[in-house]
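Encoded as structure tokens, the structure appears first; notes follow it.
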Amino acid sequence: MAQKEEAPLDLVIVRSLIIDMYERYGMEQQLKSTSPGVLATMFEDWQERVSIELHHKGLIKEVYKAKNYNKLGDYDAQVLLNEKFLCDYDDYR
């Protein structure tokens, strides 16, 4: 089995926070009722903010630049969410 490429530290931290939010009572429903494009953009913003802090502390070399997915169609935004942010926790360890 081929080993997956290791995810950047900023993305790993954001995924961990998202997983925690989805496991909390009531939070999952609020997230699921939000437009996929808005959620994808929000998670991208989180990744950028985390990368700024990690860069400031010297833990990563480059700051991640968030992308805006607000205008992305629901289907494409949901695919992006699933593949980048909502994948199984073990997928990026």
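The values are calculated or read from the model by the stated rules, or taken from the named source; none is laboratory data. On a predicted model such as this, the values are computed, not experimentally measured, just so you know. Methodologically, a virtual Cβ is constructed for each residue, glycine included, from the backbone with ideal geometry; neighbour enumeration extends over all protein chains shown. For accessibility, only protein heavy atoms count, side chains too; no ligands or nucleic acids. Shrake-Rupley method; radii C 1.70, N 1.55, O 1.52, S 1.80 Å.
For every helix of n ≥ 4 consecutive DSSP H residues, a contribution of -39,500 (n - 2.57) applies; sum these over the chain, divide by its total residues, and give [θ] at 222 nm rounded to the nearest 500 deg cm²/dmol.
One gets -16500 deg cm²/dmol as the mean residue ellipticity at 222 nm.
For the chain, the longest stretch holding no GluC sites (Glu not before Pro) located in a DSSP loop with at most 15 other Cβ atoms within 10 Å is which?
7-61
On a 0 to 90° scale, report how tilted helix 9-23 is relative to the longest principal axis of the chain, with both axes built from alpha carbons and the result rounded to the nearest 10.
30 degrees
Out of the trypsin sites (Lys or Arg not before Pro) in segment 1-50, which ones are loop residues according to DSSP with at most 11 other C-beta atoms within 10 Å?
LYS4, ARG24
Could you tell me what percent of the accessible area of the chain is made up of carbon and sulfur, with a 1.4 Å probe and every protein chain present?
Result for the chain: 52 percent of the exposed heavy-atom area is carbon or sulfur.
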